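The values are calculated or read from the model by the stated rules, or taken from the named source; none is laboratory data. These numbers come from a predicted model, not from an experiment. Glycine gets a Cβ as well: all are built from the backbone with ideal geometry, and neighbour counts include every protein chain shown. Protein only, heavy atoms only, side chains kept; ligands, DNA and RNA dropped before computing areas. Shrake-Rupley method; radii C 1.70, N 1.55, O 1.52, S 1.80 Å.
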Amino acid sequence: MSRIGVFICHCGENISRTVDVERVAAHAAALPGVAYATEYKYMCSDPGQTLLKKAIREQRLTHVVVAACSPRMHERTFRKAVEAAGLNPYLCEMANIREHCSWVHEDREQATVKACDIVGMMVERTKKNRVLPTITVPVTKRSLVIGGGIAGIQAALDIADSGHEVVLVEREPSIGGHMAQLSETFPTLDCSQCIMTPKMVDVANHPKITLYTYSEIELVEGYIGNFQVTVRKRARSVDERTCTGCGVCMTKCPQKKIPNKFDQYIGMRTAIYVPFPQAVPNTPVIDRENCTRFKTGKCGVCQKVCGPGAVDFEQQDTLIVEAVGAIVVATGFDLYSISEKPKGSPIKGYGEFGHGKIPDVIDGMTFERLASASGPTGGKIVRPSDGREPKQIVFIQCIGSRAREKGISYCSKVCCMYTAKHTMLYHHKVHDGQAYVFFMDARTPGKSYDEFWRRSIEEEEAVYIRGMVSRLYQKGDKIVVMGSDIAVGVQVEIEADMVVLATAVQPQQGADLLAQKLGISYDKYNFYSEAHAKLRPVECATAGIFLAGACQGPKDIPETVSQASAAAAKVMTLFSKERLEREPIVARVREVGCVGCFACKKVCAYGAVEEKEIRDRQGNLLRVVASVNPGVCAGCGTCQATCPSKCVELDGYTDEQIVAMIEAL
Amino acid sequence: MHPEKTISSDFEPKVIAFVCTWCTYAGADLAGTSRMQYPSNVRVLKFPCTGRIDPVFILKAFQQGADGVLVSGCHPGDCHYIAGNFHARRRFAAFRKLLEFVGVDLQRLQFSWVSAAEGGKWVEVVTELTEKVRAMGPMMEFKELALEEQWSGAMISPELQDAYRQI
Ligand SMILES: Cc1cc2nc3c(=O)[nH]c(=O)nc-3n(C[C@H](O)[C@H](O)[C@H](O)COP(=O)(O)OP(=O)(O)OC[C@H]3O[C@@H](n4cnc5c(N)ncnc54)[C@H](O)[C@@H]3O)c2cc1C
Ligand code: SF4
Ligand code: SF4
């Protein structure tokens, strides 16, 4: 027979104002199985908890119900107190008579009746609660970082500096991401390469970091503390161990006119290439699609000129399995490819603003490459069409962003600031030129940001026009931009030499596919979702996986770096323990009844259900039944509601407990 | 048919809500912290996920005298457990058909998505369902069935009673 203790909290007056707590206590005391019932002003306070512990000992209580606020508020508090008094914490439940009762009902009678019902329901449930053991799982103290932009680099360096090994996987031939493409950065205008490349070199030289570039994630298995990740290292056709990075192959390759993605396709590269001179690693890659040798079987010049004999045309993709305990996802962003609609994209507006048709209509990242001292023009801002310096330049903000009707309702966050930066860079380089900016409004929250934006107008003479562009067309060698200035209510027409579109920041192509491999959630745009928008902004809901940078939403560099360091700190916290403790709310299979249909296995999103062979003493296979790995099970209970033979049960939410609650009503 | 229906003016319906911890329970908490007001008829049962909710619980609730049942969880795509709510949705789609076939008025069983941020929506959903079943009057089908069975004497053996209670 159970001896349940019921403790009713007044919550100051928050509960007692509408609920007659004495009546609830009397009601509880009369329930079968209840040995003790009392009320107190603040159950969560120190004296309240002492009262609880004392009652458990003196009254020899077997179970506890605390009728107070939401369990989301204080369940932990009371379970800890119960544990301190020598009871298993899972024998304690909370009855929510504040958020779900006293705060939402004014009528004292009705609220009191409801509170009695809630308490009664929880008393019946608690009777069926079982002692649950704490579950611990071991932790592999190595971490995987996916994506080698500034976010991935910062996270990898922080974790590695704390003494833990890191595996960094980057899809492109070099790490660096978008920051490596930038010219100078707001709000300080320091050169991006100068602050980025030393960090890239640190990654390459760090004894604790294993770097896989030109590689992708093939498969992710396991769970927090115990992931197995298969990495596909694509064939580079150059052996990384023997290549000295001399680059002689690149000077001799006959294929010289391949548009370079790193330079936004305005610069050219060879078939054997590094994307940019400061690439890490500086081992070239052969782009097999454009290589003469791979296309026709002839050539092979690079192999002949390579001193150490590093060029290897026969190289194959390799699969490497890495065991890690935590994963940081830092796959960054891509720009809205306005001229070309990616397959299956739900977004509208492709093909607008002449991008892709008029050569001198470019996007913001292309402007960065033009302005970059190490870019294809050596930092000269010239027109891609004829190499002339543009004397009138028009920047248009919010291309794609904040256009709900076209499919993107969010603000890309960095465009206002980088457009202001672009007008400055332009003014510094083309002294007699004039920059115009069409904008909806300027969003500049951030340290020194508004000052920076104002400077572009007040000191660098950019003309800001509030309004959108309605029409844009080529006329001779000019681009006519027509729009309205809604501040003064007039139509404006500008004959520009060049137009720069601040296109929306979107997640990387295929971000959803990677999320599915990782088992993390993403929003309708494919940005990855954090566990809690405010309180857990760097963790995924899936335990052991963390987010850093623009893959979670548009971000500038300072924010990206902060989030990356925060994610690294979370990883280090995880690695500070030998074993992880987790809530024992997991499913268990009653093997005797299991018919081995594996309906549970099909519905389990975590792959927690395994097939277990049952053999006799001679080792003959008798049956195959389901078995839940308690380390992997997330405790959703979907398997239980699915099992046709009712042989899998979720601890803490058993049928018995739930039916007891329904029957109490 | 149902004489009780005529006295529906002081009839207080019993509404049982099955909700998931992560979205709807939290949404109901938010309604509380925002001091919104709604009818006190609803009793909330918390589950980790709508995926855990066995249709049998809904039958059980009606059998226990519920006049309306609400099942609510995270919006599609937002499930804390990746896809539990999708499984639940599929399961309940089939279950509704079954209920319809059996003759239960589907108006009494409501499914909804209420997120942790939607305290207002929780209030709306609960108020609407309560008022709807109040207008419909008490749900008598199960009660009558129970009465009939008792009257026929078919349920007197302890084993049968026990089996009946297990449903
Ligand atoms: C035109 C423009 C100008 C900007 N100027 C500034 C500025 O002046 N100041 C400022 O603070 N911010 C600026 N920003 C914002 C800045 O670029 C971002 O904040 C920053 O690059 C985000 O870094 P990240 O590492 O999250 O993403 P990224 O830089 O996009 O890096 C992501 C990396 O992950 C890799 N990757 C992607 N998918 C996979 C995969 N599946 N597997 C393996 N690897 C993968 C990518 O190849 C890439 O290397 C600008 C942005 C734009 C568009
Ligand atoms: S073999 Fe290919 S990569 Fe090498 S030099 Fe010839 S074309 Fe260039
Ligand atoms: S409770 Fe959920 S996570 Fe655990 S085994 Fe069952 S379906 Fe998988």
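Rounded to whole numbers, the Karplus 3J(HN,Hα) couplings from phi for region B:54-65 are 7, x, 4, 4, 5, 4, 4, 5, 4, 5, 7, x Hz, using 6.51 cos²θ - 1.76 cosθ + 1.60 with θ = phi - 60°, and x at Gly and Pro. Close amide H pairs (under 5 Å, H built 1.01 Å from N) link A:V648 with A:R590, residues at least 5 positions away or on another chain. Per-residue mean of foreign Cβ neighbours for A:95-105 is 6 (Cβ atoms of other chains, 10 Å radius). The mean sequence distance of close C-alpha pairs (under 8 Å, at least 6 residues apart), as a share of the length of chain A, puts its relative contact order at 13 percent. Working note: Cα gyration tensor of region A:4-127, eigenvalues times five, square-rooted, sorted largest first, giving semi-axes of 21, 15, 12 Å. Each peptide in B:50-61, A:651-662 gets a packing score, the mean of other Cβ atoms within 10 Å over its residues, and the list from highest to lowest is B:50-61, A:651-662.
Keeping the other protein chains in place, figure out the carbon and sulfur percent of the accessible area of chain A, with a 1.4 Å probe.
The value for chain A is 51 percent carbon and sulfur by accessible area.
Available extension along the chain between A:I614 and A:E352 is 87.9 nm, counting 0.36 nm per residue and deducting the alpha carbon span. Per-residue 3J(HN,Hα) values for region A:315-329, derived from phi via the Karplus relation 6.51 cos²θ - 1.76 cosθ + 1.60 with θ = phi - 60°, read 3, 10, 4, 10, 10, 10, 9, 10, 9, 9, x, 8, 10, 10, 9 Hz in sequence order (x marks Gly and Pro). Shielding by partners for peptide B:23-36, expressed as the average number of C-beta atoms from other protein chains within 10 Å of each residue's C-beta, is 4.
Order the following by accessible area, largest value first: A:S412, A:S339, B:S115. Probe radius 1.4 Å; ligands, DNA and RNA are ignored.
From most exposed to least exposed: A:S339, B:S115, A:S412.
Over chain A, what is the percentage of antiparallel beta bridges among all DSSP beta bridges, to the nearest 5? DSSP beta bridges in chain A are roughly 55 percent antiparallel. The angle between the Cα long axis of helix A:150-161 and the main principal axis of chain A comes to about 60°, on a 0 to 90 degree scale. Ligands, DNA and RNA are left out, and with a 1.4 angstrom probe the accessible area of chain A is 43 Å² per residue. Taking the alpha carbon gyration tensor of region A:587-664, multiplying each eigenvalue by 5 and rooting it gives semi-axes of 25, 14, 10 Å, largest first. Please list, by residue number, every one of the GluC sites (Glu not before Pro) in region A:1-105 that is coil in DSSP and has at most 13 other beta-carbon atoms within 10 Å. For GluC sites (Glu not before Pro) across region A:1-105 that sit outside H, G, I, E and B with at most 13 neighbouring Cβ atoms in 10 Å, the list reads A:E13.
Straightening the chain between A:A84 and A:F313 buys 75.7 nm, computed as 0.36 nm per residue apart minus the Cα-Cα spacing. The 1.4 Å probe gives accessible areas that order A:V248, A:V490, largest first, as A:V490, A:V248.
For the protein assembly as shown, the Kirkwood hydrodynamic radius from C-alpha pairs, put into Stokes-Einstein at 4 °C and a viscosity of 1.567 mPa s, yields a diffusion coefficient of 42 µm² per second.
Contact residues in region B:50-77 by the 40 Å² criterion (accessible area, 1.4 Å probe, full protein complex versus chain alone): B:R52, B:D54, B:F57, B:K60, B:Q64. Buried area at the A:B interface is about 3700 square angstrom, summed over both chains, from accessible surfaces computed with a 1.4 angstrom probe.
Across peptide A:601-609, the average count of Cβ atoms from other chains found within 10 Å of a residue's Cβ is 3. The largest accessible area among A:H100, A:H428 belongs to the first residue in A:H428, A:H100, and the rest follow in falling order (1.4 Å probe, all chains). Remark: C-alpha extents of region B:13-137 on the principal axes read 38, 32, 18 Å, sorted largest to smallest. Loop-located GluC sites (Glu not before Pro) across region A:265-351 with a Cβ neighbour count of 16 or fewer within 10 Å are A:E289, A:E314, A:E340, with loop assigned by DSSP.
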